[in-house]
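Since the structure comes first, as structure tokens, the remarks are kept for the end.
Computed from the coordinates by the stated procedures, all read-outs in this text should not be read as laboratory data. Since the structure is predicted, the reported quantities are computational estimates derived from the model, not experimental observations. Note that we place each Cβ from the backbone using ideal geometry, even for glycine, and neighbour counts take in every protein chain shown.
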Amino acid sequence: MTTLDTNIGKNKPALLRVIFILNALKILLSFGLFIGFSYYGLEVGDKGGDGMATIILWTTLGYIVTFAVMVASILKRSILGARLAFVADVLISLPAQAFIGIVVAIISIGLSFTGPVKAFFLAEVISARD
């Protein structure tokens, strides 16, 4: 049985914090683009209007769901859950052609393979066996 990590923030590696911050900023950026497209008539190339605002709204909601999965995975120290959330981010970004979202997800996947992040997730597994 996996328990939640109640020691919030003290032993989390810096690269895990970078992953968290990048994904949080991605949500804010996509919400800002939604506001720009829906209320201020923003157009990027040939993309604009209410249809694009709707796509971005659904993309933002998808980012929020995967962010919640990522946070839950970090609290439960499930590296597989976090990586699945990052892969889902790539898939969510494709319909909106959200290249920044794709790049952030790929960076997050890459950072999840670094030593400090893997050690953070493996620490719970090792201590749970003791």
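For region 97-115, give me each residue that is in a helix (DSSP H, G or I) and in contact with a Lys or Arg (Cβ under 9 Å, 6 or more places away or on another chain).
Step one: filter region 97-115 for residues in a helix (DSSP H, G or I), giving 99-111, 115.
Selection gives Ile100, Gly101, Val104, Ala105, Ser108, Ile109.
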Taking region 67-90 and keeping only residues that are assigned to a helix (DSSP H, G or I) and in contact with a helix residue (DSSP H, G or I) (Cβ under 6 Å, 6 or more places away or on another chain), one is left with Phe67, Val69, Met70, Ser73, Ile79, Gly81, Ala82, Ala85, Phe86, Ala88, Asp89, Val90
Reported set for region 31-57 where residues are surrounded by 15 or more Cβ atoms within 10 Å (Cβ to Cβ) and not hydroxyl-bearing (Ser, Thr, Tyr) is Phe31, Leu33, Phe34, Gly36, Phe37, Leu42, Met52, Ala53, Ile55, Ile56, Leu57
Ser93 meets each of (1) outside any helix (DSSP H, G or I); (2) closer than 14 Å to Leu29 by Cβ with one exception, condition (1)
Filtering region 58-76 down to residues that are among the small types (Gly, Ala, Ser) and either surrounded by 15 or more Cβ atoms within 10 Å (Cβ to Cβ) or in contact with a strand residue (DSSP E or B) (Cβ under 6 Å, 6 or more places away or on another chain) (or both) yields Gly62, Ser73
Determine whether Leu61 is in a helix (DSSP H, G or I) and within 28 Å of Thr114 (Cβ to Cβ).
no
